[in-house]
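Just below is one structure, and these are the notes that go with it.
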DNA sequence: AATGAGACAGCATACGTATGCGTAAAATGA
DNA sequence: TCATTTTACGCATACGTATGCTGTCTCATT
């Protein structure tokens, strides 16, 4: 139950070689003076006998690389993010990296502390999802030479790389879908207004409406939160037919599904006969036949792949410029938007 | 862009003190010889000026504690696990610990490699969810003195602690719900048969049926996988009324919701008029009015709290015996089970 | 046979911090 | 004022590994 912690020195002693030999025998990339096959065998046998396992911390202390990547998420309720996290972990593991995962604490002071914690562990890089960093934190990362890749959020700091879907374009698609369906009174339920995703989608949405000569009929804010989404939905739809939208864009599926439930079961509205609904993300829920939510697709796999590519590029060579990847959005048409009735 | 990596020695030089003083100034728990308030101020000022951040790796190398906990999950598709992971991360952070998260790779050989990886990073403890460990791995953990807590899975190895819901009792509740509703032909859709959760729930379910003099009408296996669940559901329900169940227990909500969709939209069955459905977990999805799934509740929060408690107890004192916590299951009655028609 | 190249192994040091021990100064008590 | 305790700080070493350098031995080349 103790921790006898067998070290490379122990292995060396048993194998009758020097500690350096052991180190080299376990080194994946033999640099200069290597080790003969015979002694390597001997060493590996000794190591196996003792149950030796190299200490990654001690190694990192010397090599200055931990092969640990900090991963900072705000929450996992939204399956889009759970999905992304799973893909990120798998991707990192595949490359021999490891994910030190943090969930965003509530207060902003704690955020600083959290990121500071991450940095103390000498992570090689940082991936954030749905999180913004204060400029002080950005500066800290820059000083430590830690590349940062943001998923699903952009920020004007020139240090940060990012991967997003074309949120503005996606917003346009959503508007197009509702207008084409013949909706006249068009509403919008936003997320948290501080989030670039929410803002950009809203911008694209209203821009497209304007381009088609239509004005936004009503607007509410769901804050990416289910309870507040319910309230927002009630506020917007608990009215006589002429006073409520006949089409609504909810800026992500997570909220959209909840909004649909409120409309159907709380207010007795039919979808899409009374109200057409468009979401964003194309989460698994959108494809459930019960919802059949028409939505703007974010290509999660591609997003994660891109994020990892950006990160690895910056891990392997220093001084690579930040890059902003914007992936195309696609409209997934299902049954929550009514067909045009000519 | 380089990594000048300011160290405690640099701070010491600037502050005009020794490196030990710096170390002690940053030590949370002053052990013996402490540092005066005056010099501490001086040191902190110097540290701030240089942007010093203690190197957690070097510290861990000495203290033999990393404050890192390995977290091993098999997948996050099922929101139950996403939820659990979020809670675990928050709980660890709150105690100043950090989660090194791994997702289960596909092949078993990779599992060994993965856990080996985890151990190389000298984690203080290990939490697994919905994962079993080979006896070799258990042995490795024991040798390193690493406490292991399994969430939602039990295993007969005497080293491991575990936290589960009373799956047998939960299975009984499910059976009771269907029988009380007057179901006569009762079916079961299992998960992956190697999983203790699935086996225990099934055992409790059939035991309760037997106790009430009822025999299982039909059985299929969903493997905790959506596609295979669809197939299983079709196989079981795509038959004339008398040849299919009028009540079914699906061993988790994740599969249950999918099964409901297949029944309703693929086969035109009404729930609960044609078929009553009971799930397990009480995921957020079960409470969606669209599904209103009667289900057996697993108290995720309590489960995570217990798991963390078990872990921390074993981190702080050595030699604590393994413990198995079994939390009570509760039936959440909604509308997917029909009322008894007397 | 002499020389050069190459392959292998060991020595020593560095990575950045924590901590036991020794000592000088300051505080305390009589 | 002196003896004694307390406080504050520095010295030196340890944690476990990687790696440049040096030295030895083998083998092929001329």
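Laboratory data are not the source of any read-out in this text; all were calculated from the coordinates shown. Treat the numbers as computed from the prediction; the structure is a model and nothing was measured. No Cβ is skipped: glycine too gets one built from the backbone with ideal geometry, and neighbour counts run over all protein chains shown.
P(r) for the stretch A:8-54, from all Cα pairs and a bin width of 5 Å, is 5, 27, 37, 23, 7, 1 %, short bins first.
When the square roots of the Cα gyration tensor eigenvalues are ordered a ≥ b ≥ c, the ratio a/c for the stretch A:167-298 is under 1.5, which makes its shape rounded. Among the DSSP beta bridges whose two residues both lie in chain B, what percent are antiparallel, rounded to the nearest 5? Of all bridge pairs located within chain B, approximately 10 percent are antiparallel. Entry note, the stretch A:8-54: relative contact order of 41 percent, from Cα contacts under 8 Å with a spacing of 6+ residues.
With a 10 Å cut-off around each Cβ of B:284-296, the average count of Cβ atoms from other chains is 3.
How many angstrom lie between the C-alpha centres of the stretch A:22-96 and the stretch A:272-337? Rounded to whole Å, the Cα centres lie 31 Å apart.
The DSSP beta bridges internal to the protein assembly as shown are antiparallel in roughly 10% of cases. Modelled spin labels at residue A:44 and residue A:63, positioned 7 Å past Cα toward Cβ, are 1.8 nm from each other. Quick check for you: which residues of the stretch A:249-291 have the amide N under 15 Å from the point 7 Å beyond the Cα of residue A:335 toward its beta carbon? Backbone N within reach: A:270-277, A:286-291. Projected label points at residue A:95 and residue A:219, each 7 Å from Cα along the beta carbon direction, are separated by 3.9 nanometres.
What angle do you read, to the nearest 10 degrees and between 0 and 90, between the alpha-carbon axis of helix A:108-120 and the longest principal axis of chain A? That works out to roughly 30 degrees.
Computed from the Cβ-Cβ distance with R0 of 30 Å, the FRET efficiency linking residue A:113 to residue A:156 stands at 0.80. What the Cβ-Cβ distance of residue B:317 and residue A:316 gives, at R0 = 41 Å and to the nearest 0.05, is a FRET efficiency of 0.40. Between residue B:27 and residue B:210, residue separation times 0.36 nm minus the direct Cα-Cα distance comes to 59.7 nm. Among the residues of B:92-100, the average count of other protein chain beta-carbon atoms within 10 Å of the residue beta-carbon is 4. With a 10 Å cut-off around each Cβ of A:142-152, the average count of Cβ atoms from other chains is 2. A compact globular protein would have a Cα radius of gyration near 2.2 N^0.38 Å; the ratio found for chain A is 1.29. Placing pseudo-labels 7 Å out from each Cα toward the beta carbon at residue B:37 and residue B:238 gives an inter-label distance of 7.9 nm. Take every pair of alpha-carbon atoms less than 8 Å apart whose residues are at least six positions apart; their mean separation over the length of chain A yields a relative contact order of 15 percent. Sorted ascending by nearby beta carbons within 10 Å, beginning with the fewest, B:37, B:117 become B:37, B:117. Answer rounded, prolate or oblate for the protein assembly as shown, using the Cα gyration tensor with square roots of eigenvalues a ≥ b ≥ c: rounded when a/c is under 1.5, else prolate when a/b is larger than b/c, else oblate. Since a/c reaches 1.5 but b/c is at least a/b, the shape of the protein assembly as shown is classed as oblate. Between the helical axis of A:300-316 and the dominant principal axis of chain A, each derived from Cα atoms, what acute angle in degrees is found, rounded to the nearest 10? Relative to chain A, helix A:300-316 is tipped by roughly 40 degrees.
Between the stretch A:121-140 and the stretch B:195-242, what is the separation of their alpha carbon centroids in Å? Value for the Cα centre distance between the two parts: 47 Å.
Each peptide in A:196-202, A:17-23 receives the mean, over its residues, of other Cβ atoms within 10 Å, and ordering these scores from highest gives A:196-202, A:17-23. Helix B:196-211 against the longest principal axis of chain B: what's the angle in degrees, Cα atoms only, rounded to the nearest 10? The two axes meet at around 30 degrees.
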